């Protein structure tokens, strides 16, 4: 009789322990690592080619590229929806960009075409690299946000439709060209 009670107690404890361990393994989360962030400030030269600009006033195009590793530490597939890049000043998002997904690149003649980034499923215990880009032309002052930007965030919604934010970069863009000028002066 005593062995039966120990057997039943062992089965119950084993079931509870299995449930607890399974719950813990599903509690993972997404972790992010910025592999590379590239900013580009360009203007059109006399030939109509885009070249690097040297000041705020001559900048006609701002663009960025983001290479991001996403690690899912959970035992479940996790999702990222409504992915966007938020340009922030003083704790407020002043511009939001929906990036284009580099994995969707298609060619037509000398032109490349991309789709905006769609929801991404990250398999359990794996790393997925996202490559995305976007930009803004300085038509009707649409690019003015960049000079006010202090922080850049990756923003997305998780599987519970809750907004999540990850800091990509901190920089006072109004000082961007001054910093480049100082770096050039220090190197020469």
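Here are the numbers:
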| read-out | value |
| --- | --- |
| Any hit, the range 8-28, residues being farther than 22 Å from residue 133 by Cβ, assigned to a loop (DSSP other than H, G, I, E, B) and either out of contact with any strand residue (DSSP E or B) (no Cβ under 7 Å at 6 or more places or on another chain) or modelled with pLDDT of 95 or more (or both) | yes |
| Within the range 75-121, strands (runs of 3 or more DSSP E) holding 2 or more residues that are buried (at least 16 other Cβ atoms within 10 Å of the Cβ) | 78-89, 92-97, 100-108 |
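The values are calculated or read from the model by the stated rules, or taken from the named source; none is laboratory data. Since we're looking at a predicted model, the values are computed, not measured. Cβ coordinates were reconstructed from backbone atoms using ideal geometry, including for glycine residues, and neighbour counts include every protein chain displayed.
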